[in-house]
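Here the structure comes first, spelled out in structure tokens, and everything after it is commentary.
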Amino acid sequence: MAMAVTQGTLSDSDHSAQLRKAVIASTIGTAIEWYDFFLYGTAAGLIFGKLYFPNEDALTATLAAFGTYFIGFVGRPIGAAIFGHYGDRIGRKATLIATLLTMGIATFLIAFVPTYSSIGIWGAVILTVLRMLQGIGVGGEWGGSVLLAMEWSRTHGQRGLVASWPQFGVPCGLFLSNLAVLAFSQLTGDQFITWGWRLPFALSIVLVGVGLWIRLGILETPVFQQLLDEKKIEKTPIIEVFKKHPKEILLSALLRMAEQAPFYIFTAFIFAYAVGTLKNVARSDLDGGAGRLLRLVRHHSALGPHLRPDRAQEDVSDRAATVGVFGFLYFGMVDTAAPLLVFIAIVLSLIPHDMQYGPQAA
């Protein structure tokens, strides 16, 4: 009750302060979660095939590594259902703390998974389980962080801008994950392949601590508090939403395919493609071309945030066909193996993606 009274009597300045805190908490928390999620993708494209499927040929090992990567996407709707249920039952704040811990602990444990040389195929099995937990965590994070920010906004016109800020955390997470891999790939000899790749995963626990501290300092959203006060909490919110809005759920999922699928090709598959196919772009050693690719994707992620929190994107967000057309140009430029054209391809890939991604949260 004290919490309800506190929120019910917030002045305009206090409400604005809480809105800022909610946006910051959502953005930073999202950046940390996606650091963890993208870190796995980079490792899968560069080294997991060699470490966990060494008896396979290069193509099969890469496909197997990306198979474990795919499991994370299976976990995302599961996480959305689980944490969406509890987010509508016990609140946004508690649920987002749970998603952060789920993702953070799973990522931290990946740092200690033995390779095939130590325990055989069980290493890949453990990796797959932890990847599933990553997917469950990020599946709950995305919608929850958007709601946390959006439900503190007071005007309808503000919602698009406020809800786009958690999207800002996604390229930030991509930037941090590529920066971490690039930094530790500077280790000499086989140190990175042997143990250096584990350090970015282990260090994620520090980021989780930062995100947890920030999220513990925010209040529950006024929208959810009002539902509590009016006793309008659904007992089975997931069942209710599937009953009432099955069409919207399906259409929303299909809508996101246009930007999600190309995005992971541009930011994760590109490492395996370049290392395995374009030897003159990226050699298998990380101090060579693969390191250059990491830098290029890092530049991509550094530029991406500037296109996301912007109301104007709502006017162009339906141009999903742009991504399909750009895909042909993208691989055409990458296949030339000319450093300048590869750079242009990777940097330009954010434009058609962000045109859609920015306003999707609202």
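The values are calculated or read from the model by the stated rules, or taken from the named source; none is laboratory data. Just so you know, these numbers come straight off a predicted model, no measurement behind them. In this analysis, Cβ positions are derived from the backbone assuming ideal geometry, glycine residues included, and neighbour counts consider all displayed protein chains.
Values computed for the structure shown
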item	result
Single unsatisfied condition, residue 98 versus (1) surrounded by fewer than 17 Cβ atoms within 10 Å (Cβ to Cβ); (2) within 19 Å of the chain's Cα centre (by Cα); (3) over 22 Å from residue 199 (Cα atoms)	(1)
Qualifying position, being more than 30 Å from residue 321 (Cβ to Cβ), in contact (Cβ under 8 Å) with a residue 40 or more places away in the chain and surrounded by 17 or more Cβ atoms within 10 Å (Cβ to Cβ), among 263, 192, 175	192
Total residues in the range 45-63, condition in contact with a Gly (Cβ under 9 Å, 6 or more places away or on another chain), at pLDDT below 90 and of a type in the set (A, V, I, L, M, F, W, C)	4
When residues of the range 199-246 are limited to those that are surrounded by 13 or more Cβ atoms within 10 Å (Cβ to Cβ) and of a type in the set (Ser, Thr, Tyr), the one nearest to residue 32 (Cα to Cα)	204
Number of positions in the range 60-98 that are β-branched (Val, Ile, Thr), touching a residue at least 24 places away in the same chain (Cβ under 8 Å) and closer than 25 Å to residue 45 by Cβ	5
Residue within the range 140-147 that is free of Cβ contacts under 8 Å to residues at least 60 places away in the same chain and on the phi < 0 side of the Ramachandran plot present	no
Filtered residue count, the range 184-203, keeping only those that are under 21 Å from residue 267 (Cα atoms) and modelled with pLDDT under 85	2
Enumeration of residues in the range 133-172 that are in contact with an Asp or Glu (Cβ under 9 Å, 6 or more places away or on another chain) and small (Gly, Ala, Ser)	137, 145, 160, 164, 169
Restricting the range 116-129 to residues that are over 25 Å from the mean Cα position of the chain (by Cα) and within 17 Å of residue 63 (Cα to Cα), the residue that is surrounded by the fewest Cβ atoms within 10 Å (Cβ to Cβ)	121
Whichever residue in the range 178-189 is within 23 Å of the chain's Cα centre (by Cα) and touching a residue at least 24 places away in the same chain (Cβ under 8 Å) and, among such residues, is farthest from residue 21 (Cα to Cα)	185
